[in-house]
Every structure is written in C-alpha cells, then in structure tokens.
Amino acid sequence: MEQFEFIKKNFGFGCMRLPMKDGNVDLEETNRMVDYFLAHGFNYFDTAHGYIQGKSELALKECLTKRYPRDSYILTDKLTTSFFNKEEEIRPLFESQLEACGVDYFDFYLMHAQNSKHFEKYKKCRAYETAFELKKEGKIRHVGISFHDKAAVLDQILTEYPEIEIVQIQFNYLDYESASVESRKVYEVCVKHDKPAIIMEPVKGGNLVRLPQDAQTIIDGLHGGSNASYAIRFAASFPYNRVVLSGMSNLEQMKDNVSFMENFIPLNETEKDALKKICGVFNSMNMIPCTSCRYCIEESSCPKKILIPDMFSNFNTKKTFGDWNADYYYGNVLTLSNGKASDCIRCGKCERVCPQHLPIRDLLVTVAGEFEK
Ligand code: SF4
Ligand code: SF4
C-alpha cells in the first residue's frame, strides 16, 4: 500500500462544519484551530466546493494558505457533481477552486460522492481523464474518490480506474456491519485493490458523541476518554485507514481529538467489545441513521422546504433522551417558516442525493406520526 508519508499523522481536519458566527465562518476561531492543529504535528485538511456554500474553501484561504508555507499542509479538494454538467465545465471549476483556496495545486483531488449514478456521469464527462491530465500538469498531486455506495460499486470503479490512488469512505463502528452503508465490505474492497482509505463520518455526524444513556453507561465503564475518542480510535485502528477526518466546529473539540490522536493507540479488545455492545443498544432503538450531511437540502431544493436532517435529528433526540423539548422545537422552530413532515409531496428529489440511501419519504411519515399527533 502507498503510505503517502507526507501525511504526517493519521488524523485530518474536515472543514465542512467550521465554526460559524452571524452566518459566516468565524475566522478568528478557525485561525486558532488551524494553528493548534499544525502546532501539534498534524497537516491534513479536507474541503469541497459546496461545503458551507463555498465558504469552507474561502476560509481555508484566509486561515491556512495565506498564513502558512505551501509545504506545511496537505490540502484535499473535490469535484462535486452539482457544479458541472459537461467536460468543458470541469477545468474552469477546478481553476476557481484553486483560486478560492489560494493555492496553485491540490495534494489530493477527489471525484466527490461517487455512486453508481454519479460514476456514469463522471465517465460521460471524462472527469477522471481530466483529473489525470491535471495531475500530469502538476495541478493535482494525487487523484482519488470519495465514495457513497455499496461495496460492489467501489469494486467496479477501482477495476475500471486502477489509477485511483486513494478512496474516502464512510466508516464508523455503528456502520461497520450496516446493510445499507457496508463499511466493512467497502473497506475490504480497498484492501483488495491495495488502496489506502480516508475515513469520513467516524462519529456519524455526531450520533456517536451524544449517546443514549444505556450506551453511555457502557463507555463510562471503560477507563475514561470522550465518546468521540473511542469512535475515532476505532476507525484509525484499521491498517488501510490512512487518515481519519473529523469535522470539528470549535477549538475545544479539536483539543479533545488532538489529545488522543497525537500519540495514537489502537483500540484494545475490551474497548472493541464495549463498542459492539453499544451497536446493540442503537440497533434496539430504531434511530434514523442520518449523518446531517445536508445534501438533501443543499443539492435537491425540496419544494416544501422541509428541514429534513433537522427533523431526523430532532426525532433521534426524542428517542435517545426522551427530550420533551423536541416537541416544542418541532412546532416552534423547525416548521415555523419551513414545511412540516406531513407536507412532503413525495417527489423523491431528496432521496436521489442522499448518500445514506435513506427512505426519506417514509421516514417523514414516521416523523409526522411522532410530532403531529
Ligand atoms: S420527497 Fe418530500 S421531502 Fe423530499 S424533496 Fe420531495 S417534498 Fe421534499
Ligand atoms: S437525509 Fe440523507 S442527505 Fe439528508 S442530511 Fe441525512 S444523510 Fe444527508
């Protein structure tokens, strides 16, 4: 396996949930996070054109690339399907991404959110070939993909394009044996093709940080350490998982993550057993496995403006903590200027972009049953 030795450690800064202030990225807090991250020996940063409506790339320009020499960080960006429809649009988009980030090359450039449908479009638009050409021109150091589909589709992509150097996959202890996400099987395809993996969603959009009480009791029975620490260390314990990304939103989260990833120790058997038991707790609660990626909001434009991930998160909060506040929040915040779950007209736009393949229309019926009684 290519080790990519220039990636200094196995932990990366995912820049899709940067700290916000008055609708913009909080640049002062982001500066503090970038400084802390680099000072502790880490150097991997991950962004995409659509993250925070384009503000993630621009924030990295202000907080990272203007302030540090180019060889002190590794920057990954992505080619996202919603920003191009034909081959001629790819290069101008790519150049605009370099400009937005303030760099003249990307260390990694990933074909974003590949699944069977997107893969066909990327092939038709010669996106892979364009990325390989940009690599020859020195504007991309390494070409990869980020992936959201079943293991068999990854096998097909890596067979058709063996030039792919790295694969970003969703991987966490709750999805490891999941029939929809197939983390274990997808990982095994990476091993089969000898491709290192970058890990996204190690804490499943925060779902493995705020644990139900029965699960929390299991973690509390270990030897200390945050809930996030076990989830991130789980993902980092697999040999092909080269970098685990965390979408940190404040310095406090970063300090916690750095505390256990600076001198990383893989999970021991007792810790692994505890996480298996936590999976049992989650599976018995029928939670909605939404990761709050917000693709259904940003890429599908729901005609009823339903705040889908917020509704699912609210539903999970009620299930997890029995939180009485969830009912108030549903009626007075989530549906004040946006559609109710029952307003869904079942057009299916949201489901077409959901990387988790969630049956959103049916789940909204469940949400309506819970909150609109
Ligand atoms: S299926 Fe429902 S929730 Fe999804 S985009 Fe259409 S109206 Fe919105
Ligand atoms: S419903 Fe799907 S697309 Fe929407 S936020 Fe959740 S995981 Fe993402």
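Things worth noting here:
- Inverse of mean 1/r across different Cα pairs in region 295-371, Kirkwood, Å: 12.5 Å
- Straight-line reach from Lys21: taking Cα to Cα under 12 Å and skipping same-chain neighbours fewer than 8 places apart, the aspartates and glutamates in range are Glu29.
- Kirkwood hydrodynamic radius of region 55-207, from the reciprocal of the average inverse Cα-Cα distance over all distinct pairs: 16.2 Å.
- Once the chain from Arg91 to Lys55 is taken as fully extended at 0.36 nm per residue, the excess over their C-alpha distance is 10.9 nm.
- Amide H contacts of Ile74: Tyr44, Phe45, each under 5 Å away and 5 or more positions distant or on a separate chain (H built 1.01 Å from N in the peptide plane; Pro and chain starts excluded).
- Reciprocal of mean inverse Cα separation for region 164-302 (Kirkwood radius, Å): 15.8 Å
- Placing a label point 7 Å from the Cα of Leu27 along the Cα-to-Cβ line, the residues of region 237-265 whose backbone N sits under 20 Å from it are 249-251.
- Here the Karplus relation 6.51 cos²θ - 1.76 cosθ + 1.60, evaluated at θ = phi - 60°, turns the backbone of region 257-270 into coupling constants of 4, 4, 4, 10, 9, 5, 10, 5, 10, x, 5, 8, 5, 4 Hz, with x for every Gly and Pro.
- Positive-end extreme of charge dipole, the chain - chosen from Val281, Phe4, Thr30 (charges on Cβ): Val281
- Orphan Cys of the chain, criterion: no other Cys C-beta under 4.7 Å: Cys15, Cys63, Cys101, Cys125, Cys190, Cys279, Cys290, Cys293, Cys302, Cys344, Cys347, Cys354
- Residue exposure proxy: Ile164, Ile345, Ile219, Ile308, ordered by other Cβ atoms within 10 angstrom of their Cβ from fewest to most, comes out as Ile345, Ile219, Ile164, Ile308.
- Calculated from backbone phi, Karplus (6.51, -1.76, 1.60) coupling profile of region 10-21 in Hz, x at Gly/Pro: 9, 9, x, 9, x, 9, 9, 10, 5, x, 10, 8
- Other-chain or far-sequence residues with amide H under 5 Å of Phe11's (modelled H): Val244
- In order along region 140-154, phi translates into HN-Hα couplings of 10, 7, 9, 9, x, 9, 10, 9, 9, 6, 6, 4, 5, 5, 4 Hz, rounded to whole numbers, per the Karplus curve 6.51 cos²θ - 1.76 cosθ + 1.60 with θ = phi - 60° and x for Gly and Pro.
- In terms of overall dimensions, the C-alpha atoms belonging to region 118-222 reach 53, 27, 24 Å along their principal axes, ordered largest to smallest.
- Between amide H atoms placed 1.01 Å from N, distances below 5 Å from Gln168 occur with Ile145, Ser146, Phe147, Ile198, all of them 5 or more places distant or on a separate chain.
- Per residue, the chain reaches -12000 deg cm²/dmol at 222 nm when only DSSP H runs of four or more residues are counted, each adding -39500 (n - 2.57).
- Region 295-371 - charge dipole about Cα centre, Lys and Arg +1 at Cβ, Asp and Glu -1, debye rounded to 20: 200 debye
- For region 59-122 versus region 287-315, the gap between their alpha-carbon centres in whole angstrom: 25 Å
- Placing +1 on the Cβ of every Lys and Arg and -1 on the Cβ of every Asp and Glu, with no other charges, gives region 167-235 a dipole of roughly 160 debye about its Cα centre.
- Net charge, Cys302 excluded, C-beta distance under 14 Å - Lys, Arg +1, Asp, Glu -1: +3
- Given charges at beta-carbon only (K, R positive; D, E negative), |dipole| of the chain in Debye: 560 debye
Read-outs throughout are calculated quantities, based only on the coordinates presented, and are distinct from any laboratory measurement. Predicted, not measured: the structure shown is a model, and the values here were computed from it. Backbone-built Cβ (ideal geometry, glycine too); neighbour counts: all protein chains shown.
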